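Visitor: There's a structure below that I have some questions on.
Each reported figure results from applying straightforward, stated rules to the coordinates on display, with no laboratory input. Being a predicted model, the structure only gives us computed values, none of them experimental. Backbone-built Cβ (ideal geometry, glycine too); neighbour counts: all protein chains shown.
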Amino acid sequence: MKSANKKAPYFFISPAIILLLVFSILPIFIALFISFTDLSLAGLADWSRVNFIGIDNYKNILADPIFIKAAGNTIYYVVIGVPLVVIISLGLAILINVGDGRFFSFMRLVFYSPSITNIVAVSVVWTFLYNPNIAIGLFNQILDLVGIAPVSWLLDPAVAKLSLIILALWRGTGINMLIFLAALQGIPPEYYEAAELDGASKWNQLRYITVPMLKFSIFFVSVTTIIGWLQFFEEPFVMTEGGPLNSTTSISLFLYRNGFQLNEFGYAAAGSLILFVVIIIITLFQLRGQLKNNENEM
Amino acid sequence: MNSYKKAQKRNKVIVGVILIIGGIIAVTPFIWMMLSSFKTNAEIVSMESGLLPKEWTFQNFIDLFEKMNFGVYLKNTLIITAFSFGGMFLNAMAGYGFAKYRFKGRNSLFIMILATMMIPGQVTMIPVYLILNNLGLTNTLAGIVLPGLVGAYGIFLFRQFMSTISDELLEAARLDGASEFYIFTRIIIPLSKPILAVQGILTFIAGWNSFMWPLIIANDEKYYTLSVGLQLLQGQYGNNYALQMAGATFMVVPIIIIFLTFQKYILQGFNVSGLK
């Protein structure tokens, strides 16, 4: 390595470092700064109209009924959505791992394909599928065939959140399924052969071999899925605009609305930092749990 | 043993049936979208619409370009995607710098890069908008492209892959008088084909699907991407489901074709990232 030019590494890394500094690191400090100001569209044109208002933004946002509603909705998305994503994607991975022929690798593609498609296109398609009019919406047509009354998928505040979760599940399981599949293929087949000889049932093999061996992937998928659901945005944005009655507004949608539709930059920045702190706390908490778990096994 | 094998076979059949049912559920939205895009809107809203279009029509796709500006959106999307490949090249350069050189600040800089993965988009959204606004880049293609040009995950994957390339090869090239940049473009890049394939496909998909920054930065319809245009279409032609499905099909089908063509590389990517 000694013959390498001393400046060379900096030449290679500096474009990426500069871009990351400007568009990822610096923004955190700007967000922190403006969260203590009343910066809005007027202030953007004339900086002398921007005032320091201390922690008023934080106080106001925590008392804002729509923010509290959005936080409640987001918690609902996480609590219902995350376990479903983990269970369904793990279940699919286990089923696909049963065989290794053409059929099984084809099914892998089928379940993965929703993950790569455009979220706006998919939201438009699902809005159409969810159309309550029985002549138009496919889902209500299918329900009608089996004699169930039509459902107001996106129009009923109690159902709308679940409708969005169903779409997100359809779209989100594929990628996690692949992660589980890679992990399943890493389990030595001898474990199952030995268990089979000892007469262990399939259920016990799953419970005592598969799940413990997949601990790290389950942890990884849970953390990334929780972070993803905390930032849930496009589906409510395109499909319901947060309605009806803000029943589907997520924190991200709330922030977008305040930032770019109402141009309350300072207020939205304060909200985004609250979200950031929550994400960091949850991640650290889970990381600690994971480390503790490993210690107990030693 | 015979009965064991029979039970195995039976299990496989049951699993196969479950997977087929699940698979049908997974692809139904796509099939319905494509079939609806060839129907007339009058047929969709009528009570008698069946699975297949009664009369196949291409009019919806023609309308995308005549009633809406899908030609412009397509051009913008392709330009943005092309720029993202420039970003991928910068990621590869950075990955190489971290993989193959020892230098002051290497570890702390790399940790800083990884830490940026933790920052949620909602936090950077407003400040980045303000930065671009100060630089006069709002409502320009450059403003849409710059914020997402490089990414920590890409840099990380390139570094992982490039650390496996042997040092002797690089030393030999240096003894022959090759410049550092020559080594990178003529030796490292050709050797990195597998990771470039994975990253290239993911870059294409991300560029094609880009929504958030075009939505925030583009005030003018002439900078809209396909995603933003489709969202606009849904607002303007809320009751024209046939046109909406044509727009969605126009966005989704190219990605599915690319995915099916290159799926081998995408699935390999999961092993490159070492997530086992």
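Visitor: State whether chain B is rounded, prolate or oblate according to the following rule on the C-alpha gyration tensor (a ≥ b ≥ c being the square roots of its eigenvalues): a/c under 1.5 gives rounded; otherwise a/b larger than b/c gives prolate, and the remaining case gives oblate.
Guide: It comes out oblate by the Cα gyration axes.
Visitor: May I ask you to list the residues of segment A:96-113 whose amide nitrogen lies under 14 Å from a point 7 Å from Cα along the Cα→beta-carbon direction of B:I21?
Guide: Inside the label zone: nothing.
Visitor: Considering only Cα-Cα distances, which of the following residue pairs are longer than 26 Å: B:K39/B:K67; A:K215/B:K6; A:K161/B:K54; B:K75/B:K264; B:K12/B:K264?
Guide: Distance filter (> 26 Å) returns A:K215/B:K6; A:K161/B:K54; B:K75/B:K264.
Visitor: Sticking with this one: Work out which GluC sites (Glu not before Pro) in chain B are exposed loop sites (DSSP not H, G, I, E or B, at most 15 other Cβ within 10 Å) and give the longest gap free of them.
Guide: B:56-276
Visitor: Something else now. Residue-wise, which Karplus ³J(HN,Hα) couplings in Hz belong to segment A:140-150, taking 6.51 cos²θ - 1.76 cosθ + 1.60, θ = phi - 60°, and x for glycine or proline?
Guide: Each residue of segment A:140-150 in turn: 5, 5, 5, 4, 5, 4, 9, x, 9, 5, x Hz.
Visitor: With +1 on each Lys and Arg Cβ and -1 on each Asp and Glu Cβ, and nothing else charged, work out how big the dipole of the protein assembly as shown is about its Cα centre, in Debye to the nearest 20.
Guide: Dipole of the protein assembly as shown, to the nearest 20 debye: 1460 debye.
Visitor: A further question follows. Are there any trypsin sites (Lys or Arg not before Pro) in segment B:1-66 that are in a DSSP loop and have at most 13 other Cβ atoms within 10 Å? List them by number. Spell out each step's value before the answer.
Guide: On the way: sites: B:K5, B:K6, B:K9, B:R10, B:K12, B:K39, B:K54; in loops: B:K39, B:K54.
Sparse-neighbourhood loop trypsin sites (Lys or Arg not before Pro): B:K54.
Visitor: FRET efficiency for A:D64 and B:F65, Cβ-Cβ distance as r, R0 = 41 Å, nearest 0.05?
Guide: In this case the efficiency is close to 0.40.
Visitor: In square nanometres, what is one fourth of the surface area of the convex hull spanned by the alpha carbons of segment A:65-297?
Guide: 16.2 nm²
Visitor: Roughly how big is chain A's charge dipole about its Cα centre, with Cβ charges of +1 (Lys, Arg) and -1 (Asp, Glu), in debye to the nearest 20?
Guide: On the way: 16 positive and 17 negative charges, 139 e Å.
Around 660 debye, computed over chain A.
Visitor: Still on this structure, please answer the following. Show the residues, 5+ positions off or on another chain, whose built amide H is closer than 5 Å to the amide H of A:T37.
Guide: A:I53
Visitor: On average, how many beta carbons from a partner chain sit within 10 Å of the beta carbon of a residue in B:46-58?
Guide: Counting other chains' Cβ atoms within 10 Å and averaging over B:46-58 gives 1.
Visitor: Hey, another quick one. Determine the sum of side-chain charges near A:G266: Lys and Arg each +1, Asp and Glu each -1, restricted to other residues whose C-beta is under 10 angstrom from that of A:G266.
Guide: -3
Visitor: If you take the charge dipole of chain B about its Cα centre, with +1 on Lys and Arg Cβ and -1 on Asp and Glu Cβ, which of B:F38, B:F98, B:V72 is farthest toward its positive end?
Guide: B:F98
Visitor: Given 20 Å bins starting at zero, what is the percent of C-alpha pairs of the protein assembly as shown in each, up to the one with the largest pair distance?
Guide: Taking every Cα pair in the protein assembly as shown, the percentages come to 18, 51, 29, 3, 0.
Visitor: While we're looking at this one, here's another question. Could you size up the charge dipole of segment B:88-202 around its Cα centre, putting +1 on the beta carbon of Lys and Arg and -1 on that of Asp and Glu, and report it in debye to the nearest 20?
Guide: 140 debye
Visitor: Let me ask something else about it. Pick out, in residue order, every one of the chymotrypsin sites (Phe, Trp or Tyr not before Pro) in segment B:1-90 that is DSSP loop and has at most 11 other C-beta atoms within 10 Å; say none if there are none.
Guide: B:W56, B:F58
Visitor: Hey, what did chain A get for relative contact order, percent, Cα under 8 Å, at least 6 apart?
Guide: Relative contact order here is 28 percent.
Visitor: Just to check I understand the Karplus step: with θ = phi - 60° and J = 6.51 cos²θ - 1.76 cosθ + 1.60, what whole-Hz values come out for segment A:56-63, glycine and proline as x?
Guide: 4, 4, 5, 4, 5, 5, 6, 9
Visitor: In addition: How many angstrom separate the Cα center of segment B:55-117 from the Cα center of segment A:233-293?
Guide: 25 Å
Visitor: Of A:A183, A:V211, A:A168, whose Cα points farthest to the positive end of the dipole of segment A:161-254 (charges on the beta-carbon: +1 Lys, Arg; -1 Asp, Glu; origin at the Cα centre)?
Guide: Looking along the dipole axis, the top candidate is A:A168.
Visitor: Cut-off 10 angstrom, C-alpha nodes, Gaussian network model of chain A. Which of A:L62, A:L143, A:L155 fluctuates the most?
Guide: Fluctuation is largest for A:L143.
Visitor: Would you work out which of B:L135, B:S227, B:M118 lies farthest towards the positive end of the dipole of chain B, given +1 charges on the beta-carbon of Lys and Arg and -1 on that of Asp and Glu, about the Cα centre?
Guide: The listed residue farthest towards the positive side: B:M118.
Visitor: Using a ≥ b ≥ c from the Cα gyration tensor of segment B:2-45 (square roots of the eigenvalues), is it rounded, prolate or oblate, where a/c under 1.5 gives rounded and otherwise the larger of a/b and b/c decides, a/b for prolate?
Guide: The shape class here is prolate.
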